[in-house]
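A.B. asks: The structure that follows is given in the form of structure tokens.
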Amino acid sequence: MSTFTPSDARETAETVAWAAAEGRALEIVAGGTKRGLGRPMTTEHVLDVSRLAGVVTYEPAELVLTVRPGERLAAIAAALEAEGQMLAFEPPDWRQLLGSSGEQTLGGIVACNLSGPRRLRAGAARDFVLGFSAVNGFGETWKAGGKVVKNVTGYDMAKLQAGAYGTLSVLTEITVKTTPRPATSCTLALAGLDDEAAIAALARGLNSPFEVTGAAHLPARSARRSGVGAVAGGAAAVTLLRLEGPPASVAWRADALEALLGRAVRLGDAETRAVWRELGAVAPLLGPGRRVVWRLCPTPSRAASLAGACRAAFDSAEVFYDWGGGLVWLALDQAEAADDGGAARVRAAIAGMGGHATLIAAPDSIRAATPVFQPEERGVALLGARVKRGFDPRAILNPGRLREGL
Amino acid sequence: MIAMPEPDRAVLARRAEIVAALRTIVPGEGVIDRAAELSAFECDGLTAYRQPPMVAVLPGTTAQVVEVLRYCAMNGVKVVPRGAGTSLSGGALPLADGVLLGMGKFNRIREVDVANRCVVAEPGVTNLAITQAVEGLGLYYAPDPSSQIACTIGGNVAENSGGVHCLKYGLTTNNVIGVELATIEGELLRFGGKHFDASGYDLLGAIIGSEGMLGVVTEVTVRVLPKPPGARALLIGFASVEGAGACVAGVIGAGVIPGGMEIMDKLAVEAAEAFVHAGYPLDAAALMIVELDGCEAEVDALVAEVEAIALENGATSCRSSRSERERLLFWAGRKAAFPAVGRISPDYYCMDGTIPRREIGRVLRRIEAMEGEYGLRCANVFHAGDGNLHPLVLYDANKPGELDRAEAFGSAILRLCVDVGGVLTGEHGVGVEKRDLMDTMFTEIDLAQQQRLKCAFDAGGLLNPGKVFPQLCRCAELGRMHVSGGALPFPDLPRF
Ligand SMILES: Cc1cc2nc3c(=O)[nH]c(=O)nc-3n(C[C@H](O)[C@H](O)[C@H](O)COP(=O)(O)OP(=O)(O)OC[C@H]3O[C@@H](n4cnc5c(N)ncnc54)[C@H](O)[C@@H]3O)c2cc1C
Ligand SMILES: Cc1cc2nc3c(=O)[nH]c(=O)nc-3n(C[C@H](O)[C@H](O)[C@H](O)COP(=O)(O)OP(=O)(O)OC[C@H]3O[C@@H](n4cnc5c(N)ncnc54)[C@H](O)[C@@H]3O)c2cc1C
């Protein structure tokens with residue numbers, strides 16, 4: 001087993017072309033903070049793209065940033081912050097959740113289409129990728145999209161590339177759309193709602209014209225784990241709604257939202273940043289003991305009944321909600337979850353609620369034994385396999401990372 | 001003129017048999033084969049290109065769509081889907097040897113789901129009808145093409161359409177969360193739904209904007225948004241297009257994302273004012289319409305900020321809407337700008353390139369110079385906030401040579417857009433119109449990769465062929481692996 005560390009796009013293409021000709025499978029890593037995510041693979045060689053780093057161009061007035069994919073997220077965030085901008089999809093930090101260390105890269109975030117709490121309003125990572133260059137499984141360098149904010153020239157390949165977990169092409173350059181940072185933020189915290197009432201309250205907030213950019217609910221047990229006093233202190237469930245924007249607007253909307261939803265505690269800008277960063281990082285479920293963690297994306301209004309079904313199926317089930325119920329995080333004791341990580345019962349619970357369940361954090365043995373990603377309908381799965389063949393006919397790029405044979 | 005693929009003689013020879021077979025699937029009036037009636041479908045919004053289809057089929061049920069596609073796949077018959085036929089790129093241009101599949105009968109809204117803020121609609125529902133279905137609930141569907149009273153949500157999905165509000169709220173792709181798609185093989189598949197994100201490849205994202213070439217959309221689920229608590233529009237006049245362009249960059253650079261930010265040049269303003277009487281200033285070289293939305297305090301602050309930036313960039317006049325009625329009037333002129341230009345010229349040819357915002361002034365100047373070179377006038381009305389230009393080249397198809405000159409002028413504009421770092425189309429799609437310019441942006445390898453995606457959905461190349469790609473794809477050839485030998489080409493590559 002060798003590790004290849006190409007320093008530019010050309011060397012990347014040469015490596016992949018060699019692997020394609022030889023039929024040797026490559027695991028693409030940028031360092032590996034998310035190596036424990038997805039199905040474990042048995043690949044012969046490692047393609048380490050972390051040297052493909054650096055900002056190519058950043059034009060704040062155009063809201064356009066082009067980087068090489070190994071560029072570290074922290075460095076990007078700092079560069080954007082200096083210009084009063086941000087990545088609106090709020091890339092989450094799952095290092096603690098996945099038990100990994102090192103620095104996240106933009107390539108890894110885009111490849112896995114990971115988005116944080118603001119996804120609800122601003123869109124997912126996939127919505128911000130304007131264009132990219134990549135090397136496909138033929139070893140060919142190709143590109144799609146552009147470097148302007150609005151473009152429909154050709155198929156929208158960026159959507160396909162985001163969330164493909166590196167199984168279609170190796171990214172060598174990414175252009176993303178940046179967003180002005182809001183001047184301030186505030187969070188309304190409603191105490192003591194049960195799950196059903198909380199999801200209904202979040203829906204009312206989201207249906208209001210007050211531009212809620214975060215909508216989460218922490219049942220009492222997970223609320224207690226927050227590092228933010230106002231959330232942990234009450235020993236009760238906490239329902240959170242975030243507002244962002246100019247100070248006068250935020251204050252006005254907070255009043256209006258409180259009039260709509262009832263009395264709430266208000267968290268200021270610093271506490272707001274802290275608590276939503278925790279939620280993105282799934283911190284409320286990082287309890288003691290050996291756990292497996294699931295990410296469920298149901299029809300939002302069904303979130304509480306989905307959680308109920310999970311609690312009925314597992315004594316150890318613990319949940320919290322984000323995206324107004326569109327995202328349910330579920331932790332199970334590894335012992336109770338057993339060999340399949342609880343997959344059979346979790347997927348039985350989400351069946352009929354329209355959505356999908358992904359096993360995020362679990363030991364390799366469990367992720368190898370059970371489909372990590374929601375099994376697709378037969379026709380869709382077949383199509384996906386054909387798409388894969390069109391990019392990587394010899395299955396040398398992260399083979400098996402998404403599912404067996406893909 | 002751009003040539004369409006040579007009709008398949010064998011298919012044309014079987015026309016009567018094909019029509020009869022289609023009638024067994026879609027009974028009654030749903031299959032049209034008389035020349036007089038077929039001419040109704042001979043073009044879309046790109047009127048310079050006309051071709052009646054071999055036969056038109058207007059199915060009324062999803063099962064019929066599936067059956068028609070399955071029949072066509074088995075018999076090697078090409079299919080061109082059509083919504084309202086407002087495409088400006090010739091996306092719905094029929095083929096002489098093809099079935100034109102009109103989706104107009106699919107015009108019901110199937111569900112309004114308030115709790116999940118979404119609407120499930122049939123593909124033939126108009127864009128505006130979706131907003132109208134949820135208006136009473138304080139919600140709306142954000143992408144708003146100027147053609148919204150006519151164009152269908154199925155067409156919007158196929159073109160990934162935009163509108164004046166997509167600067168802040170995104171294009172179709174950012175607002176559609178699910179589709180049901182009938183494949184050419186006659187399978188009915190669902191992508192997305194009411195939930196967030198895909199598990200597995202984001203095929204929904206690839207289907208949106210695929211110009212009717214990957215499948216026929218039979219149902220669409222869209223996200224609807226709460227209407228902002230308030231909105232005000234500003235009409236800002238500039239003595240030069242450069243000033244207006246610089247103002248756009250200034251506003252965005254200051255971190256303000258308006259609900260909409262549009263520019264019209266003098267010719268477009270004159271045409272719109274004569275048509276709609278919106279009170280536009282006729283002395284300005286360029287008119288900017290900026291909409292700022294949010295709560296009152298926020299709108300007040302934003303209006304003041306934008307006014308200040310406008311003055312710094314040489315604004316000569318600035319008016320703010322004082323009522324909802326006036327705000328809508330300000331927009332009415334903009335939304336009617338294309339038909340308004342249609343009143344001052346027998347024909348016009350609408351371009352759609354996007355450029356970096358900083359290039360707006362320079363590109364508009366260059367276009368002005370080209371008017372002389374091509375001997376044709378050009379009106380500009382466009383989504384300035386996105387850098388998405390809509391130069392309207394005015395011509396008269398009855399005057400010999402004018403259409404050719406208009407096309408040459410249009411191509412020159414699009415090449416210019418690409419030269420300054422932009423793209424061929426921001427929202428109208430490639431279609432027939434820009435097909436042969438694709439190589440200004442993409443290499444053969446780039447285009448081959450896109451066509452391999454097409455091959456996964458439609459290996460026979462029967463869905464809307466002749467559009468988007470300058471060369472028809474041969475899937476077997478594209479899938480072949482050219483193995484170049486086994487030696488690692490650079491032994492000095494660091495490994496550890
Ligand atoms: C201690 C330590 C120090 C480091 N210091 C530096 C440093 O100073 N500078 C530096 O640049 N890097 C450094 N790195 C490497 C950097 O941390 C890695 O780039 C990063 O950890 C991995 O990125 P990730 O976790 O976002 O993605 P990964 O977990 O590596 O990848 C996530 C997924 O994305 C896929 N993927 C990743 N990249 C691509 C791509 N380009 N195309 C297609 N698919 C892709 C992967 O195959 C995988 O499926 C360091 C790493 C460590 C452990
Ligand atoms: C005056 C005017 C103003 C316009 N303003 C704008 C604007 O502001 N922004 C903008 O983006 N566009 C604009 N357009 C362009 C046009 O309205 C859009 O592209 C629209 O989305 C086309 O919808 P349609 O229903 O008319 O589709 P058609 O023109 O019928 O078809 C367009 C494409 O979609 C495919 N298609 C249609 N229905 C389906 C289906 N059910 N399944 C699969 N494929 C399908 C067709 O094959 C074709 O490729 C404008 C057009 C006009 C005439």
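Read-outs throughout are calculated quantities, based only on the coordinates presented, and are distinct from any laboratory measurement. What you see is a predicted model; the values in this text were computed from it and never measured. As a convention, Cβ positions derive from the backbone with ideal geometry for all residues, glycine included, and neighbour counts pool all protein chains shown.
A.B. asks: Compute the acute angle (0 to 90°) between the alpha-carbon long axis of helix B:266-276 and the principal axis of greatest extent of the alpha-carbon atoms of chain B; round to the nearest 10°.
C.D. replies: On a 0 to 90 degree scale, this one is about 80.
A.B. asks: While we're looking at this one, here's another question. Under 4.7 Å Cβ to Cβ, no partner at all: give me those cysteines from chain B, in residue order.
C.D. replies: Taking the Cβ cut-off of 4.7 Å, the unpaired cysteines of chain B are B:Cys43, B:Cys72, B:Cys118, B:Cys151, B:Cys166, B:Cys247, B:Cys295, B:Cys318, B:Cys350, B:Cys378, B:Cys417, B:Cys473.
A.B. asks: Taking A:Lys177 as the anchor, which lysines have their alpha carbon closer than 26 Å to its alpha carbon, excluding any fewer than eight residues away along the same chain?
C.D. replies: Answer for A:Lys177, where 26 Å is the Cα cut-off: A:Lys34, A:Lys143, A:Lys147, A:Lys150, A:Lys159, B:Lys168, B:Lys194, B:Lys227, B:Lys434, listed by chain and number.
A.B. asks: In addition: Using the Karplus curve 6.51 cos²θ - 1.76 cosθ + 1.60 with θ = phi - 60°, what ³J(HN,Hα) values do you get for each residue of the range A:109-119, in whole Hz, with x for Gly and Pro?
C.D. replies: 5, 5, 4, 9, 6, 8, 9, x, x, 6, 3
A.B. asks: Counting only residues 5 or more places away or on other chains, whose amide H sits under 5 Å from the amide H of B:Gly209 once H atoms are built in the peptide plane?
C.D. replies: Amide H neighbours of B:Gly209, under 5 Å, 5+ apart: B:Ala158, B:Glu159, B:Asn160.
A.B. asks: So, one more: Okay, helix-only estimate at 222 nm for chain A: each DSSP H run of n ≥ 4 adds -39500 (n - 2.57), divide by all residues, round to 500 deg cm²/dmol; what do you get?
C.D. replies: Numbers: 16 runs with 134 residues, N = 406.
Helix contribution divided over all residues of chain A: -9000 deg cm²/dmol.
A.B. asks: Further, regarding this structure: Could you state the principal axis extents of the C-alpha atoms in the range A:1-113, from the largest down, to the nearest angstrom?
C.D. replies: Per principal axis, max minus min of the Cα coordinates gives 47, 33, 19 Å.
A.B. asks: Determine, for A:Lys147, B:Lys266, the number of other Cβ atoms within 10 Å of each Cβ, and report the residues in order from fewest to most.
C.D. replies: Result, fewest neighbours first: B:Lys266, A:Lys147.
A.B. asks: Apply the Kirkwood formula to the range A:305-347: the hydrodynamic radius equals the inverse of the mean of 1/r over all pairs of different alpha-carbon atoms; give it in Å with one decimal. Present the calculation step by step, with values, prior to reporting the outcome.
C.D. replies: On the way: mean 1/r = 0.0944 Å⁻¹.
Every distinct Cα pair counted, the radius reaches 10.6 Å.
A.B. asks: Roughly how crowded by other chains is peptide A:8-15, in terms of the mean Cβ count from those chains within 10 Å of each of its Cβ atoms?
C.D. replies: Details: counts 0, 0, 1, 4, 0, 1, 4, 5.
If you average over the peptide's residues, the count of other-chain Cβ atoms is 2.
A.B. asks: Inside 10 Å of the C-beta atoms of A:353-366, what's the mean count of C-beta atoms belonging to other chains? Don't jump to the answer; show the numbers that get you there.
C.D. replies: On the way: counts 2, 7, 6, 7, 1, 2, 0, 0, 0, 0, 0, 0, 0, 0.
Average neighbour count from other chains, rounded to a whole number: 2.
A.B. asks: Now, a different point. Hull surface divided by four, with the convex hull built on the Cα atoms of chain B: how many nm²? Intermediate values should be presented prior to the final figure.
C.D. replies: Working: hull surface 111.4 nm².
Convex hull of Cα atoms, orientation-averaged projection: 27.9 nm².
A.B. asks: Let me ask something else about it. Return the long-range amide H neighbours of A:Gly214 (sequence gap of 5 or more, or a different chain), with a cut-off of under 5 Å between placed amide H atoms.
C.D. replies: A:Arg242
A.B. asks: Above 23 Å lies some portion of the pair distances; for the range B:209-317, what is it as a whole percent of all C-alpha pairs? The partial results should precede the final answer.
C.D. replies: Working: 2457 of 5886 pairs.
Tail of P(r) above 23 Å: 42 percent of Cα pairs.
A.B. asks: Restricting to DSSP loop positions (anything but H, G, I, E, B) with no more than 13 other Cβ atoms inside 10 Å of their own Cβ, which trypsin sites (Lys or Arg not before Pro) remain in the range A:214-287? Before the final figure, lay out each step's value.
C.D. replies: Details: sites: A:Arg221, A:Arg224, A:Arg225, A:Arg242, A:Arg253, A:Arg263, A:Arg266, A:Arg273, A:Arg277; in loops: A:Arg224, A:Arg225, A:Arg263.
Sparse-neighbourhood loop trypsin sites (Lys or Arg not before Pro): A:Arg263.
A.B. asks: Counting other C-beta atoms within 10 Å, which of B:Thr425, B:Thr61 has the fewest, and how do the rest follow?
C.D. replies: Values: B:Thr425 29, B:Thr61 13.
The fewest-first ordering by Cβ neighbours comes to B:Thr61, B:Thr425.
A.B. asks: Dipole magnitude of chain B about its Cα centre, charges +1 at Lys/Arg Cβ and -1 at Asp/Glu Cβ only, in debye to the nearest 20? Display every interim value, and only then the final one.
C.D. replies: Numbers: 44 positive and 60 negative charges, 139 e Å.
Charge dipole, chain B, about its Cα centre: 660 debye, nearest 20.
A.B. asks: For chain A, what relative contact order do you get, as a whole percent, if you take Cα pairs closer than 8 Å and at least 6 residues apart?
C.D. replies: On the way: 914 pairs, mean separation 75.5, N = 406.
Dividing the mean separation by the residue count of chain A yields 19 percent.
A.B. asks: Something else now. How large is Rg/Rh for the range A:184-283, to two decimals, with Cα atoms and a Kirkwood Rh? Don't jump to the answer; show the numbers that get you there.
C.D. replies: On the way: Rg = 12.2 Å, Rh = 13.2 Å.
Over the Cα atoms of the range A:184-283, Rg/Rh equals 0.93.
A.B. asks: Cut-off under 19 Å on the C-alpha distance; same-chain residues fewer than 8 positions from B:Lys78 excluded. Which lysines are left, in chain and number order?
C.D. replies: B:Lys454, B:Lys467
A.B. asks: If you restrict to DSSP beta bridges whose two residues both lie in chain A, what percentage is antiparallel, to the nearest 5? Numbers along the way, then the final one.
C.D. replies: Working: 57 of 64 bridges.
So the antiparallel bridges in chain A amount to around 90 percent.
A.B. asks: So what's the protein assembly as shown giving for Cα Rg divided by 2.2 N^0.38 Å, two decimals?
C.D. replies: 0.92
A.B. asks: Using only the Cα atoms of the range B:1-90, each taken as one equal point scatterer with no solvent, compute I(q) by the Debye sum, divide by I(0), and report log10 of the ratio at q = 0.11, 0.25, 0.26 Å⁻¹.
C.D. replies: Reported log10 I(q)/I(0), two decimals: -0.32, -1.47, -1.51.
A.B. asks: Quick one: if the Förster radius is 30 Å, what FRET efficiency do A:Arg266 and A:Ala200 give, using the C-beta to C-beta distance and rounding to 0.05? Let's see the in-between values first.
C.D. replies: Working: r = 21 Å, r/R0 = 0.70.
It comes to 0.90.
A.B. asks: Please give the calculated 222 nm ellipticity per residue for chain B, where each DSSP H segment of at least 4 residues contributes -39500 (n - 2.57) and the sum is spread over every residue; nearest 500 deg cm²/dmol? List each step's numbers first, then the result.
C.D. replies: On the way: 18 runs with 175 residues, N = 496.
Using -39500 (n - 2.57) per qualifying helix, the result is -10500 deg cm²/dmol.
A.B. asks: To continue, here is another question. Counting other C-beta atoms within 10 Å, and keeping those with at most 16, which DSSP coil trypsin sites (Lys or Arg not before Pro) do you find in the range B:79-168? Walk me through the numbers on the way to the answer.
C.D. replies: Working: sites: B:Arg82, B:Lys105, B:Arg108, B:Arg110, B:Arg117, B:Lys168; in loops: B:Lys105, B:Arg108, B:Arg117.
Listed in order of number, the matching sites are B:Lys105, B:Arg108.
A.B. asks: Same structure, new question: Just to be sure I understand: with springs between alpha-carbon atoms less than 10 Å apart, which residue in A:Ala274, A:Ala82, A:Ala303 has the highest mean-square fluctuation in the Gaussian network model of chain A?
C.D. replies: Checking each option, the largest mean-square fluctuation is seen for A:Ala82.
A.B. asks: Mind checking A:207-214 for the average number of partner chain beta-carbons within 10 Å of each residue's beta-carbon? Before the final figure, lay out the partial values.
C.D. replies: On the way: counts 10, 3, 11, 5, 8, 1, 0, 0.
Shielding by partners across A:207-214 averages 5.
A.B. asks: Moving to a separate point now. The range B:5-93: which chymotrypsin sites (Phe, Trp or Tyr not before Pro) are DSSP loop and have at most 14 other beta-carbon atoms within 10 angstrom? Present the calculation step by step, with values, prior to reporting the outcome.
C.D. replies: Values: sites: B:Phe41, B:Tyr49, B:Tyr71; in loops: B:Tyr49.
When the chymotrypsin sites (Phe, Trp or Tyr not before Pro) of the range B:5-93 are filtered for loop state and at most 14 Cβ neighbours within 10 Å, nothing remains.
A.B. asks: Hey, could you grab the Kirkwood Rh for the range B:357-435? Inverse mean 1/r over distinct alpha carbon pairs, Å, one decimal.
C.D. replies: On the way: mean 1/r = 0.0767 Å⁻¹.
Evaluated on the range B:357-435, it is 13.0 Å.
A.B. asks: Would you order B:Val306, A:Val170 from fewest to most other beta-carbon atoms within 10 Å of each residue's own beta-carbon? Spell out each step's value before the answer.
C.D. replies: Numbers: B:Val306 25, A:Val170 29.
So the ranking, lowest neighbour count to highest, is B:Val306, A:Val170.
A.B. asks: For the range A:286-369, with the dipole built from +1 on Lys and Arg beta-carbon atoms and -1 on Asp and Glu ones, taken about the Cα centre, which of A:Phe320, A:Leu359, A:Thr299 lies farthest toward the positive end?
C.D. replies: Among A:Phe320, A:Leu359, A:Thr299, the one farthest towards the positive end of the dipole of the range A:286-369 is A:Thr299.
A.B. asks: Looking at chain A as a GNM with Cα springs under 10 Å, which of A:Tyr321, A:Tyr58, A:Tyr165 has the largest mean-square fluctuation?
C.D. replies: Highest fluctuation of the listed residues: A:Tyr58.
A.B. asks: Please give the peptides A:109-120, B:322-333 ranked by average Cβ packing (other Cβ atoms within 10 Å per residue), highest first, as a rough proxy for protection.
C.D. replies: On the way: A:109-120: 25.2, B:322-333: 15.8.
Highest-to-lowest ranking by the protection proxy: A:109-120, B:322-333.
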